[in-house]
Amino acid sequence: MKTHSCLPGCTNGLRSICGTSIDIDDLEFAASRNHLLYVDKVYSKGQGVACPLVFNLVTAPSTFQTQLLLSPLSNLEDNLCDEIFGCNCRQHHGSSCGQRPQSGCNSNSGCNCNCVCNVGNTCQLDENAVFKIARSFVKVTNFGLQNPNCLSPNQVTVNGIPVDELFNAGNSYEAVFNSNLTDIVKPVCAENGLATKAFFLISCAGPWVFDAEIVVEGTVNTGGRTCCFRATFTTRCTFPLGANIPVSNIAVPRISVPCASGGMSPRLFFSFGGIMNLLNPTICVVPDDDDSFNLVLKASIAAEPTVDVQVIKSALLCINGCEAIFPCEGTESEVESEEDDEPLDGPDCRCGTVSGSGSGSRNRNRGCSCGRNRDSVESASDNSNCGNTIAFGTNSSCSSCCRGF
């Protein structure tokens with residue numbers, strides 16, 4: 001197994017858990033040669049953001065799962081307060097409760113200097129707890145249409161012209177240009193082999209739903225103590241954006257659409273996302289029937305629907321490279337390949353590698369030849385029923401490098 005992991009500069013143990021893992025020990029490669037490949041070329045990539053949609057949110061145990069972390073404002077250990085306020089209380093409060101804060105606490109260092117020296121190291125929430133929120137943020141994990149199939153081609157336009165067809169898979173969509181492509185592409189751009197810049201618009205999109213994790217942090221006064229808190233509210237299932245929320249128009253002012261050529265037409269892909277922010281959040285404690293407490297978050301939420309757009313067309317490229325050899329399924333060659341356990345030609349034999357001796361010298365003469373040469377296999381001279389069928393025009397710029405076909 002060849003493991004391609006982090007660069008040597010990786011720290012914090014990332015090298016052991018991050019990076020790619022590629023096993024090519026059992027692969028055999030043909031000699032390096034020129035190939036014709038269809039590759040998806042990206043002509044345009046952009047994002048559009050709709051106007052904010054504001055709605056009121058009140059969490060409930062049935063719709064949001066709640067987690068609360070509490071930590072005392074103390075100078076004993078690194079704790080949650082250090083994470084929330086970005087400074088260490090011990091740096092400003094000495095080593096014991098009787099010591100005065102250091103002078104740096106009164107400077108403009110950006111640290112929160114309201115730390116106090118509490119007795120003990122536990123915080124217990126009671127029904128009279130008062131929360132003071134310092135900051136909040138929303139991690140959006142899913143944001144899309146409540147009914148994805150209801151988005152019609154007439155709602156998706158390029159330069160005001162609806163797309164011909166629209167397909168969706170979950171939150172991703174593909175728009176197809178057929179008859180309307182000639183109306184979008186400018187003749188002067190097509191004559192010069194250039195893409196046409198156009199205006200992309202999705203009209204009347206909605207209603208919206210989301211999955212998110214809402215995090216609220218700050219301090220709480222409970223049981224005569226001041227503690228730091230982090231409350232996390234996670235949607236239990238896909239949640240509607242809110243009642244009576246208007247639909248959205250989302251535009252990308254400039255995308256590039258190429259003409260159809262070589263039997264290939266451009267394809268437009270887009271997917272929805274969202275940006276959410278809390279406005280004036282408050283948290284209160286609500287007693288439950290079994291002598292426990294529930295946290296309830298009340299806030300206005302500003303949600304901005306977004307759309308990521310890409311315009312892609314398959315391009316025919318002439319590329320030099322080594323092709324991995326896989327026997328055709330259901331043939332004797334496939335059975336022989338599974339039974340063949342002989343090692344590769346040298347310990348360092350890989351596609352494109354050249355070692356200093358032995359098999360490496362042979363590799364140098366054969367180019368990339370970690371396996372057998374496939375020229376005889378791909379040639380149609382020995383058998384008129386086998387081989388590739390590719391014809392090049394006399395003016396093809398790739399014809400001189402691909403005559404091996």
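Read the figures in this text as sums done on the coordinates, not as results from a lab. Everything numeric here is computed off the predicted structure, so don't read it as measured data. Using ideal geometry, Cβ is built from the backbone for each residue, glycine included, and neighbour counts are taken over all protein chains shown.
So which lysines pass the test for residue 45, namely a Cα distance under 17 Å, with those fewer than 8 places away in the same chain ruled out? Residue 45 reaches 197, 313. Less than 5 angstrom separates the built amide H of residue 24 from those of 2, all sequence-distant by 5 or more or on a different chain. Extending 7 Å from Cα along the Cβ direction at residue 192 and again at residue 328 yields two label points whose distance is 4.9 nm. Gain on full extension, evaluated as 0.36 nm per residue between residue 267 and residue 317 minus their Cα-Cα distance, stands at 16.2 nm. Let's test the formula: R0 of 45 Å, r as the Cβ-Cβ distance of residue 310 and residue 286. What FRET efficiency results, to the nearest 0.05? After rounding, the FRET efficiency stands at 0.45.
Whole-Hz Karplus values for the range 298-307 come out as 10, 6, 8, 10, 9, 10, 10, x, 10, 9 Hz, taken residue by residue from phi with 6.51 cos²θ - 1.76 cosθ + 1.60 and θ = phi - 60°; glycine and proline positions read x. Distance between the pseudo-spin-label points of residue 62 and residue 254 (7 Å out from Cα toward the beta carbon): 5.1 nm. A dipole drawn for the range 189-257 from +1 and -1 charges on Cβ atoms has a positive end, and of 226, 215, 194 the residue lying farthest that way is 226.
Place a point 7 Å from the Cα of residue 142 along the Cα-to-Cβ direction; which residues of the range 168-182 have their backbone N under 13 Å from it? Within reach of a label on residue 142, which here means backbone N under 13 Å from a point 7 Å along Cα→Cβ, the range 168-182 contributes 170-172.
Which parts of the range 230-244 would a label at residue 279 reach, counting a residue when its backbone N lies under 17 Å from a point 7 Å out along Cα-to-Cβ? Once the point is set 7 Å along Cα→Cβ of residue 279, 241-244 turn out to lie under 17 Å by backbone N, inside the range 230-244.
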